[in-house]
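Each remark here refers to the structure printed beneath this line.
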Amino acid sequence: MNPGPAAERDGTGEEAADDDRLARRARALAVARSVRASAAGLPDSPPAPHWRPGEQTLRLLTVATVAAVTAVVTGQAWLLAPGAFAAVLLAFAAPGTGRPARLSAESAVGPRRCFEGEPVTVRVTVAHDGRIGRPEPVVSLGPGLALDALTVTPTGVDLVLHADSWGRRHLGVVDLDVPDAHGLTLRTVRTDLGTVDVFPVPDSARLTPIPVRLPERIGEHTTAHEGTGVEVVGVRPHVPGERQRRIHWPSTTRRDAVQINQFAAERAADAVVLLDTLADYIDTATGRRSLDETLRAAAGLARAYLRRHDRIGLIAVGGQLRQLAAGSGDRQFYRLVESVLEARQDRPRRGPLPPLPLAALPGHALVYAFTPLADQRILDVLGQIRERGNPLVVVEIPAGEPTPRPGEEIDALALRLWRAEREAMRATLRGRGIPVVGHTPGETLDLALGPLLRRRIMGAAR
Amino acid sequence: MTVPSTSGMSGTTGTTGTTGSARATGAAGAADRSEGLERAALRGVGTALALAAAGVGSGTLTDRVGPVLLLPVAAFALWAAVPAADGPTPARWPARLSAARTTLLVAGAVPLAAVGAPTWWRALAVTVLLAGYLVLLDAFGPRHPTVRPGAAAAALGAALLVLPVAFAAGAAGEWSRPLAVLGLAAAAVGVGLALRPTGRPAEEDGPGRT
């Protein structure tokens with residue numbers, strides 16, 4: 001008797017429910033094992049390149065062996081019955097010739113470049129030349145990565161990851177436990193997911209303070225000099241040969257002589273961001289890292305200047321000295337960020353810092369120093385810039401405050417000293433004529449830079 | 001590392017809207033109920049296996065120590081019958097033993113049942129319960145099922161064939177020992193054949209490509 005359509009639907013529904021149950025179980029197993037593997041860190045030894053018995057195989061082998069040994073010891077023949085059950089199941093699970101001889105894992109990651117918080121999709125599949133069962137994945141994520149979704153597929157695993165903070169991130173490795181067709185034995189294959197470049201999400205910034213002296217390049221910043229811009233700065237008597245469209249008719253009528261509009265020259269600015277990567281401080285109150293906020297703020301400022309067609313460069317001091325010559329255009333933003341993506345992996349530098357590279361510091365370029373002001377050595381670097389005569393602005397990145405134990409007077413005193421030392425550093429800088437502004441993470445950078453618009457930033461005399 | 005919750009897996013299907021979310025919630029609830037029933041079945045069969053192995057009757061462990069022994073046996077079986085969520089791979093021995101508790105339960109039931117002189121019906125009960133528990137464990141465990149119904153039926157048939165022969169009048173003890181040794185040797189050969197490398201050596205496989 002053929003089953004009717006309703007019976008077919010019921011059968012299909014049951015199969016779908018069964019598949020869903022198995023998929024849910026496989027995912028739960030993969031997530032549990034991945035959490036444990038990621039907590040243990042990236043594996044440092046390769047997986048065994050051999051087939052080994054699976055969990056169910058070991059269980060059946062144990063039962064068969066214990067039953068046979070007990071039968072030998074006690075002489076009770078009936079104990080061979082449970083042993084026979086396990087042995088027959090093992091015999092039926094024999095893989096035969098279908099077990100693959102070649103087995104490898106392949107991964108496809110996209111995109112390889114992204115911003116913080118953006119999803120990165122990973123697809124890992126098993127390549128083989130035989131018959132295999134459903135692979136069981138174990139994902140060991142690299143530091144700073146989070147797993148958003150995990151789907152176990154019949155041939156591998158699909159992952160969706162994201163990075164919380166910028167950097168050249170190692171995604172981690174995926175181990176796939178691949179069973180043979182009947183699940184008797186399994187073998188582990190590993191694939192390295194490689195790295196992904198995670199760009200910082202720039203802080204919001206629109207203001208672009210400018211120095212007193214601007215280079216002789218046409219741009220969008222008005223200067224005090226007469227030029228061919230669009231901002232009217234005054235009128236003067238007409239000189240033969242000048243264009244009639246520049247005549248200022250009200251003044252001409254009033255003075256009974258032809259008067260000409262004077263326009264301000266418009267120039268582009270050169271700016272350099274100086275990143276203090278001497279240390280990465282964690283704010284215990286907010287959990288924010290000073291290095292993260294440093295580059296986010298610098299990227300926001302760089303984007304604001306690049307939008308106004310200015311040139312911007314970069315110098316990073318702390319670990320390895322990194323520099324990027326000033327440039328303009330959209331690509332400069334990515335070049336600038338890429339040049340410091342690996343700063344997090346730098347070994348901290350001990351002793352005095354090397355002198356700044358002159359090539360990365362154009363004359364009269366406005367220098368923004370993003371620093372938590374927590375290391376005295378940064379004062380030497382700022383002093384070098386000041387000696388060169390470059391206008392300089394210090395943008396202080398909060399590094400958090402140490403939390404004193406309640407009721408401990410020594411802790412409270414230490415906190416006061418710590419605050420006093422930082423205030424002394426600020427006072428030292430301000431005493432040298434260097435403006436110090438504080439940036440609050442999460443807020444627009446314009447709030448910090450706004451006061452600088454009251455007057456143009458001056459450099460020191462050489 | 002942060003990971004999505006286990007119940008969020010149905011989200012990959014992309015259900016949207018009130019109807020979709022209600023359906024997804026209903027499916028998740030049904031799945032939870034199904035998993036609860038599976039765990040209850042495993043606990044029930046596992047506990048029954050342990051109690052049957054501990055046994056009642058003359059010469060059994062319960063007869064020697066007393067019925068109070070059934071309480072810790074049942075308590076251990078209730079805990080050990082449900083497998084760990086992520087399999088026996090931890091590094092520390094206590095954690096490994098805890099993760100492999102189902103194997104401890106089934107392997108421990110065999111010598112426990114061998115204490116004393118069991119009756120045929122108790123041997124039958126232990127054999128059937130052990131077979132049933134192993135099959136249920138494979139079907140409801142955290143990993144993909146590997147035991148096919150046909151193989152399970154054949155294995156149970158083979159086990160049930162042994163029992164009447166073992167309890168038949170005659171000196172079963174005379175042939176049980178050589179047969180058990182033979183079985184052990186056959187199992188060792190079978191394991192060796194199953195795990196032998198096939199085709200090209202595994203070391204020649206290329207590393208995972210990225």
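Since B:THR210 meets every condition but one in (1) more than 30 Å from A:ASP20 (Cα to Cα); (2) facing another protein chain (nearest Cβ under 8 Å); (3) modelled with pLDDT under 60, which condition does it not meet?
It fails just one condition, (1).
Please enumerate the residues belonging to region A:135-175 that are within 9 Å of another protein chain (Cβ to nearest Cβ), touching a Ser or Thr at 6+ places or on another chain (Cβ under 9 Å) and under 30 Å from A:PHE92 (Cβ atoms).
Scanning region A:135-175 gives a single hit, A:VAL138.
Given the criteria modelled with pLDDT of 85 or more and in contact with a strand residue (DSSP E or B) (Cβ under 9 Å, 6 or more places away or on another chain), does A:ARG113 qualify?
yes
Looking at region B:28-68, which of its residues are at pLDDT below 85, in a helix (DSSP H, G or I) and in contact with a Gly (Cβ under 7 Å, 6 or more places away or on another chain)?
Matches in region B:28-68: B:LEU61, B:THR62, B:ASP63.
Residues checked against (1) at pLDDT below 80; (2) more than 7 Å from chain B (Cβ to nearest Cβ); (3) under 33 Å from the mean Cα position of the chain (by Cα):
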{"residue": "A:LEU29", "(1), (2), (3)": "no, no, yes"}
{"residue": "A:SER38", "(1), (2), (3)": "yes, no, yes"}
{"residue": "A:PRO46", "(1), (2), (3)": "no, yes, yes"}
{"residue": "A:VAL66", "(1), (2), (3)": "no, no, no"}
{"residue": "A:THR70", "(1), (2), (3)": "no, no, no"}
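Quick check on region A:318-332: of everything there that is in contact (Cβ under 8 Å) with a residue 24 or more places away in the chain and farther than 15 Å from A:ALA359 by Cα, which residue is surrounded by the fewest Cβ atoms within 10 Å (Cβ to Cβ)?
Going through the qualifying residues, I end up with A:ASP330.
If we keep just the residues of region B:113-137 that are surrounded by fewer than 19 Cβ atoms within 10 Å (Cβ to Cβ) and in a helix (DSSP H, G or I), which is nearest to the other protein chains (Cβ to nearest Cβ)?
It comes out as B:TRP120.
What's the total number of residues in region A:441-462 that are surrounded by 13 or more Cβ atoms within 10 Å (Cβ to Cβ) and out of contact with any Asp or Glu (no Cβ under 6 Å at 6 or more places or on another chain)?
Matching residues across region A:441-462 total 13.
Given the residues A:THR403, A:THR444, A:THR428, which is the only one that is of a type in the set (Val, Ile, Thr), in the same structural domain as A:LEU356 (by TED's automatic domain parsing) and in a helix (DSSP H, G or I)?
Of the residues listed, the single one that is of a type in the set (Val, Ile, Thr), in the same structural domain as A:LEU356 (by TED's automatic domain parsing) and in a helix (DSSP H, G or I) is A:THR428.
Results for (1) within 7 Å of chain B (Cβ to nearest Cβ); (2) within 30 Å of A:ALA297 (Cα to Cα); (3) not aromatic (Phe, Trp, Tyr), shown as yes or no for each residue.
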| site | (1), (2), (3) |
| --- | --- |
| A:ALA81 | yes, no, yes |
| A:LEU89 | yes, no, yes |
| A:ALA93 | yes, no, yes |
| A:THR97 | no, no, yes |
| A:ALA101 | yes, no, yes |
| A:SER104 | yes, no, yes |
| A:SER107 | yes, no, yes |
| A:GLY117 | no, yes, yes |
| A:VAL120 | no, yes, yes |
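Please specify each residue of region A:145-166 satisfying the condition of being touching a residue at least 40 places away in the same chain (Cβ under 8 Å), part of a strand (DSSP E or B) and hydroxyl-bearing (Ser, Thr, Tyr).
Across region A:145-166, the qualifying residue is only A:THR151.
The values are calculated or read from the model by the stated rules, or taken from the named source; none is laboratory data. Small disclaimer: the values here were computed from a predicted structure and weren't measured. A quick note on method: Cβ atoms are made from the backbone with ideal geometry, for glycine too, and the neighbour counts reach across all protein chains shown.
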